[in-house]
Amino acid sequence: MKKIYGIVALAVFCFVLCSTSSSFAGPLDAFKGEKGTVKISGGTAHIPVMKEAARLIMTANPDIQITIAGGGSGVGVKQVGEGLVDIGNTGRKPTDDEIKRYDLKLFLWAIDGVALIVNPNNKVRSLGKAQARDIFSGKIDNWKALGGEDRKINIYTRDEASGTREVFWEKAIAKGTIAKSANVVVSNGAMKSAVSQDPYGIGYVSVGHIDKTVAPVTFDGVTPEIETVKSGKYTIARGLYSNTKGNPAPLTKKFLDFLFTDEGQKIIAANGFIPVK
Amino acid sequence: MRSMKETIAERTFLLSAIVSSSITLIIFGFMLFMALPLLSGGKILRILSSAWSPGNGSYGIFPMIVGTLAISFLSVAISFPVSIGCSGFIGILGPRQLNRYLKKIVQVMTGIPTVIYGFVGIFLLVPIVRELAGRGSGMSVITAALMLSVLISPTMILFFNDSFERVPRSYLEAADGLGANKVQKLVYVILPNAKKGIIMGLILAFGRALGDTLVALMIAGNATQVPGSIFDSARTLTAHIALVIAADYESIEFKSIFACGIVLYLFTTAIVLGVRYLASGRRKMR
Amino acid sequence: MKRPVEQAITGFAWLSMAMLLFAVFSVIGYLFLKGYPSLDTRLIFGDTAVLDALLLRKQVFNGLFPAAAGTLVLVVMSVVWAIPVGIATGIYLAEYASARVKGVLNLFFDILAGIPSIVIGLFGFALAVFLHKNFSRAIQPCLLISSIALAFLVLPYLIRTTQMALEGLPEDTRLGALALGATKLQNIFYVLLPRSLSGIMSGVILAIGRCAEDTAVIMLTGVVATAGIPKSLFSGYEALPFYIYYISSQYTSPEELLTGYGASIILLAICIVLFSAAFLIKKRLTYIAFYRS
């Protein structure tokens with residue numbers, strides 16, 4: 001009798017082993033057999049991570065469709081709140097008012113910073129808080145005053161829906177005014193490419209988006225990079241949130257869960273953010 | 001006696017006409033409805049005349065109206081002389097064999113998507129303007145106006161040419177009889193007789209510049225200031241709609257873009273009425 | 001007129017023509033110069049095998065296939081909405097309407113044709129939000145809403161070309177069948193419409209071109225940055241013109257920017273072919289082109 005149990009146990013073991021052998025492929029198996037759509041919009045800092053996650057999931061399971069749009073944090077909150085999308089991303093914590101009004105569930109999956117950037121050809125690489133304030137209000141309007149070339153400073157800012165703008169405005173320039181003459185761009189990606197093309201431009205962007213096409217500006221003596229944000233030395237930090245209205249639907253939940261798996265957190269780190277785990 | 005089929009068909013055609021013409025009204029009605037809270041008690045005047053500063057509770061679209069007018073007027077001012085020159089060339093002054101091809105090129109130009117003008121504008125025109133101006137980011141009123149002038153000139157040229165061709169042949173033959181050369185025919189016969197058509201083309205091209213979104217959105221800089229010079233960054237009404245669409249649907253911010261929509265709609269209507277007035281005048285003249 | 005003045009006028013005409021050609025060819029030339037290295041199957045299909053992509057067995061990433069498919073579906077749907085209504089309205093205007101009714105309707109269609117596309121997009125967006133709140137939660141900015149909004153945008157072209165084609169027919173064509181005892185409807189369907197087919201076709205082609213190139217309407221009504229192949233009428237989709245707009249400001253690498261040039265070349269080619277075809281089919285069509293906005 002014991003022998004039979006043993007054989008059965010072995011058979012079950014083998015069966016389990018076989019059926020799960022593909023699970024070594026990783027956490028994407030959670031999506032097996034799923035079907036449907038996940039709609040995402042809002043924060044633009046999130047887009048590279050969202051895209052990569054979507055690519056992996058949609059490759060593993062072509063029956064799932066994940067749509068990703070930008071718009072900014074404000075859009076993310078409104079659209080998820082109105083039920084127009086499943087996930088609304090924000091580059092800031094939604095306000096208590098927003099959470100209450102739309103019954104938002106918050107998923108914080110990464111820490112990010114907001115950094116001042118200039119063109120790599122610009123010699124000015126370090127600014128104090130007061131200087132940053134004066135540049136953005138238009139009080140300092142020439143690079144010469146900061147030790148650079150004798151050229152007017154071209155300010156780049158984001159639209160009102162941007163969470164990056166809000167964090168920058170609060171923590172970097174202490175809610176100072178932003179000159180009306182500032183050029184307005186619509187996303188972190190657009191900010192980076194605008195400043196990378198304008199030798200006299202200055203703007204602010206998610207630390208995760210900084211690459212060699214733009215130069216980060218040392219702010220109050222601290223260089224904006226992953227380590228300084230992590231250690232808390234660089235103070236213009238913020239969380240990257242994905243929000244759902246109430247509890248997420250099953251497929252949406254699986255997508256969010258994926259961000260917290262090792263695989264997901266690896267993608268987040270690879271995109272220059274600090275994974276929460 | 002009319003058969004049943006005839007009646008049904010006529011009703012169907014009529015219904016289609018009613019449906020399609022009502023779209024014109026529905027769009028306007030919807031804009032009005034959405035902007036309604038702004039239209040009462042003089043608020044609309046404040047919106048039309050003040051600055052955009054949502055942080056301070058000011059949702060004015062005055063800078064965008066100025067930006068729109070500045071960019072469209074400038075683009076028309078740039079492309080009008082060039083278009084007159086081109087239509088003179090294609091119409092009479094240029095070599096005849098060449099002109100057939102030139103006209104084809106101009107026709108095909110009307111098909112170039114505006115997003116492509118914007119795309120090329122960013123990478124080709126913006127750096128040039130930045131260096132030539134010696135200040136600013138290169139995204140400015142003049143950059144958008146230059147690109148738009150390329151966009152609208154085919155419209156003008158084709159319309160001008162069309163009105164040149166409407167000048168009665170007998171006038172030209174009379175001029176020939178008097179021994180007039182090509183330039184004289186253009187200046188003394190064709191241009192004066194095509195004056196109305198030229199004005200119509202001008203107005204239509206202006207409407208096209210006014211209504212374009214992508215070029216301004218991509219290369220005018222989108223600053224919310226009233227531009228003080230052609231090298232300043234500016235935002236048009238159309239770009240403003242594209243940028244603010246994202247706001248809270250209940251907010252004044254969101255409602256205010258419907259005010260932009262109404263302003264653009266009214267501009268359009270004025271343009272169409274102007275052109276129709278001219279066209280009816282032209283018909284009567286004959 | 002003095003001789004130098006005449007020469008100056010001729011010179012000015014030559015100069016204007018040269019400037020225009022210079023402008024157009026710099027735009028097109030610049031695109032091709034920068035974009036031609038990107039023109040191969042990888043531009044469209046990325047890393048996915050061509051057959052797998054075409055049979056929808058695998059999703060395409062880092063290629064234009066989803067955007068091209070999105071544009072195709074969008075164009076087909078918009079035109080399907082617009083053609084029956086547009087042609088029927090054109091027939092009504094040309095064959096049934098009294099002069100006064102015609103005058104009023106013409107005014108409406110002229111205005112509709114002149115409304116900036118972003119305003120039509122704004123209308124589509126507001127309509128989607130309105131329906132979402134008051135009618136069904138399933139409605140949101142999506143492929144369906146975009147196609148309806150685009151149909152509004154191109155409706156005036158179809159109406160105008162149909163009307164003009166019918167009105168342009170000579171009187172004896174018009175009366176022949178009637179004299180033989182045909183009814184008005186028979187005359188329209190068996191005589192007048194077949195005779196004006198080329199005019200109507202050119203309108204359809206123009207409408208297709210307009211749907212393919214428009215960015216302002218779709219950016220407010222449902223186009224998104226990433227969606228894959230369109231699978232449902234009620235979800236977001238990708239489109240070529242929006243892809244160009246998106247890449248122009250958000251490219252993350254030179255390779256990605258290169259696909260933007262590639263997409264521009266493809267869209268430009270599509271539009272130029274369509275517009276040339278429309279002009280080829282119908283020579284005197286310029287009137288409609290003026291009203292594009």
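The values are calculated or read from the model by the stated rules, or taken from the named source; none is laboratory data. Remember, predicted model here, so these are calculated numbers, not experimental data. So basically every Cβ, Gly included, is an ideal-geometry build from the backbone, and we count neighbours across all protein chains shown. Accessible surface areas use protein heavy atoms only, side chains included; no ligands, DNA or RNA. Shrake-Rupley method; radii C 1.70, N 1.55, O 1.52, S 1.80 Å.
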(request) Taking the residues in region C:90-141 that are among the aromatic types (F, W, Y) and without any contact (Cβ under 8 Å) to a residue 24 or more places away in the chain as candidates, determine which candidate is most open to solvent (accessible area, probe 1.4 Å). (result) C:F135
(message) Here is a check on your reading of the model: is A:A115 assigned to a strand (DSSP E or B) and among the hydrophobic types (A, V, I, L, M, F, W, C)?
(response) yes
(message) Looking only at region B:127-146, filter to residues that are of a type in the set (A, V, I, L, M, F, W, C) and open to solvent by 10 Å² or more (accessible area, probe 1.4 Å); which one of those is nearest to the other protein chains (Cβ to nearest Cβ)?
(response) B:M139
(request) For region B:188-208, name all the residues that are among the charged types (D, E, K, R) and more than 9 Å from the chain's Cα centre (by Cα). (result) B:K195, B:K196
(request) Could you give me the residue pairs with C-beta distances under 6 Å whose first residue belongs to region A:243-257 and is within 22 Å of A:A60 (Cβ to Cβ), whose second residue is assigned to a helix (DSSP H, G or I) and open to solvent by 30 Å² or more (accessible area, probe 1.4 Å) wherever it lies, and which are 6+ apart or on separate chains? (result) A:K254/A:A30
(message) Among the residues in region A:184-199, are any hydrophobic (A, V, I, L, M, F, W, C), out of contact with any Lys or Arg (no Cβ under 9 Å at 6 or more places or on another chain) and either surrounded by 21 or more Cβ atoms within 10 Å (Cβ to Cβ) or within 12 Å of A:G113 (Cα to Cα) (or both)?
(response) yes
(message) So, in region A:143-161, how many residues would count as being under 27 Å from A:G88 (Cβ atoms) and at pLDDT 90 or above?
(response) 3
(request) Within region C:216-241, work out how many residues are within 14 Å of the chain's Cα centre (by Cα) and closer than 21 Å to C:V80 by Cβ. (result) 5
(request) Being facing another protein chain (nearest Cβ under 7 Å) and either assigned to a helix (DSSP H, G or I) or of a type in the set (S, T, Y) (or both) is the filter; apply it to region C:235-247 and report the residue that is most open to solvent (accessible area, probe 1.4 Å). (result) C:Y245
(request) Only residues that are facing chain B (nearest Cβ under 10 Å), closer than 14 Å to C:A151 by Cβ and either among the acidic types (D, E) or not in a helix (DSSP H, G or I) (or both): list them for region C:209-234, please. (result) C:D214
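Does C:V50 satisfy the condition of being over 30 Å from B:L158 (Cα atoms), in contact with an Asp or Glu (Cβ under 9 Å, 6 or more places away or on another chain), β-branched (V, I, T) and open to solvent by less than 90 Å² (accessible area, probe 1.4 Å)?
Details: over 30 Å from B:L158 (Cα atoms): yes; in contact with an Asp or Glu (Cβ under 9 Å, 6 or more places away or on another chain): no; β-branched (V, I, T): yes; open to solvent by less than 90 Å² (accessible area, probe 1.4 Å): yes.
Against the criterion (over 30 Å from B:L158 (Cα atoms), in contact with an Asp or Glu (Cβ under 9 Å, 6 or more places away or on another chain), β-branched (V, I, T) and open to solvent by less than 90 Å² (accessible area, probe 1.4 Å)), C:V50 does not qualify.
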(request) Check every one of the helices (runs of 4 or more DSSP H) wholly within region C:77-181 and list those with 2 or more residues that are touching a Gly at 6+ places or on another chain (Cβ under 8 Å). (result) C:117-134, C:143-167
(message) Take the residues in region B:84-123 that are crowded, with 21+ Cβ neighbours inside 10 Å and touching a Gly at 6+ places or on another chain (Cβ under 8 Å); name whichever of them is nearest to the other protein chains (Cβ to nearest Cβ).
(response) B:G111
(message) Condition first: under 20 Å from C:A126 (Cα atoms) and either open to solvent by 20 Å² or more (accessible area, probe 1.4 Å) or modelled with pLDDT of 95 or more (or both). Now tell me which residues in region B:1-21 satisfy that.
(response) B:V19
(request) Among what's in region B:229-249 and is in a loop (DSSP other than H, G, I, E, B) and within 9 Å of another protein chain (Cβ to nearest Cβ), pick the residue that is nearest to C:K133 (Cα to Cα). (result) B:Y249
(message) From the list A:A172, A:A145, A:A215, exactly one residue is over 23 Å from B:R235 (Cβ atoms), out of contact with any Lys or Arg (no Cβ under 9 Å at 6 or more places or on another chain) and surrounded by fewer than 24 Cβ atoms within 10 Å (Cβ to Cβ). Which is it?
(response) A:A145
(message) All but one of (1) within 20 Å of A:T44 (Cβ to Cβ); (2) without any contact (Cβ under 8 Å) to a residue 12 or more places away in the chain hold for C:V223; state the number of the condition that does not hold.
(response) (2)
(request) Scan region A:121-141 residue by residue and report those that are over 14 Å from A:V217 (Cβ atoms) and touching a Gly at 6+ places or on another chain (Cβ under 8 Å). (result) A:S137
(request) Please go through region B:45-76 and pick out each residue that is open to solvent by 10 Å² or more (accessible area, probe 1.4 Å), under 17 Å from B:A239 (Cα atoms) and either within 12 Å of chain A (Cβ to nearest Cβ) or not in a helix (DSSP H, G or I) (or both). (result) B:A51, B:S53, B:P54, B:Y59, B:F62
(request) Test each condition in (1) open to solvent by less than 40 Å² (accessible area, probe 1.4 Å); (2) more than 10 Å from chain B (Cβ to nearest Cβ); (3) touching a residue at least 40 places away in the same chain (Cβ under 8 Å) for C:L206 and report the one that comes out false. (result) (2)
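Picking from A:L17, A:L28, which residue would you name as being touching a helix residue (DSSP H, G or I) at 6+ places or on another chain (Cβ under 7 Å) and at pLDDT below 85? Reasoning before the result, please.
Numbers: A:L17 fails: touching a helix residue (DSSP H, G or I) at 6+ places or on another chain (Cβ under 7 Å).
Testing whether each residue is touching a helix residue (DSSP H, G or I) at 6+ places or on another chain (Cβ under 7 Å) and at pLDDT below 85 leaves just A:L28.
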(message) Taking the criterion of being open to solvent by 10 Å² or more (accessible area, probe 1.4 Å), under 20 Å from the mean Cα position of the chain (by Cα) and farther than 28 Å from A:T95 by Cβ, would at least one residue in region A:230-251 satisfy it?
(response) no
(request) Scan region B:22-44 residue by residue and report those that are buried (at least 16 other Cβ atoms within 10 Å of the Cβ), within 14 Å of chain C (Cβ to nearest Cβ) and farther than 13 Å from B:I257 by Cα. (result) B:I23, B:T24, B:I27, B:F28
(message) I'd like the full set of residues that are more than 12 Å from chain C (Cβ to nearest Cβ), at negative phi and charged (D, E, K, R), limited to region A:170-194.
(response) A:E170, A:K171, A:K180
(message) Quick test of your reading of the structure: C:V85 fulfils all but one of (1) modelled with pLDDT of 95 or more; (2) out of contact with any Ser or Thr (no Cβ under 8 Å at 6 or more places or on another chain). Name the failing condition by number.
(response) (2)
(request) Hey, can you tell me all the residues within region A:65-106 that are at the interface with chain C (Cβ under 9 Å from one of its Cβ atoms) and either free of Cβ contacts under 8 Å to residues at least 40 places away in the same chain or in contact with a Gly (Cβ under 7 Å, 6 or more places away or on another chain) (or both)? (result) A:Q65, A:T67, A:I68, A:A69, A:Q79, A:E82
